[in-house]
Amino acid sequence: TEPYSKDGHCRDPRPRLAVADGMIAITDPRHSAVRVIDAATLKETRLIPVEGQPFSVVAIGGSGATH
């Protein structure tokens, strides 16, 4: 990717990441997408197109077990 400036542009969308279950989700605001990376191989496994520029990402999961 190209460099992102931090000079006075702290509210601009920039890549963010979330990790869950061996996968890394990275927002790609310049290409209006979320990239899913396999944590073990660091290879992109999926590209999820989104409308607009993704600003943040959250990973939520559960095992389905009763706690």
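Values quoted throughout were computed directly from the atomic coordinates according to the rules given, and no laboratory measurement underlies them. The model shown is predicted, which means the values in this text are computed figures rather than measured ones. Because the Cβ atoms are built from the backbone with ideal geometry, glycine has one as well, and the counts that use them run over all protein chains shown.
So which residues in region 18-30 are surrounded by 14 or more Cβ atoms within 10 Å (Cβ to Cβ) and not charged (D, E, K, R)?
18, 23, 24, 25, 26, 27, 29
If you go through region 35-57 and keep only what is among the hydrophobic types (A, V, I, L, M, F, W, C), outside any loop (DSSP other than H, G, I, E, B) and loosely packed, with under 12 Cβ neighbours inside 10 Å, you end up with just 47.
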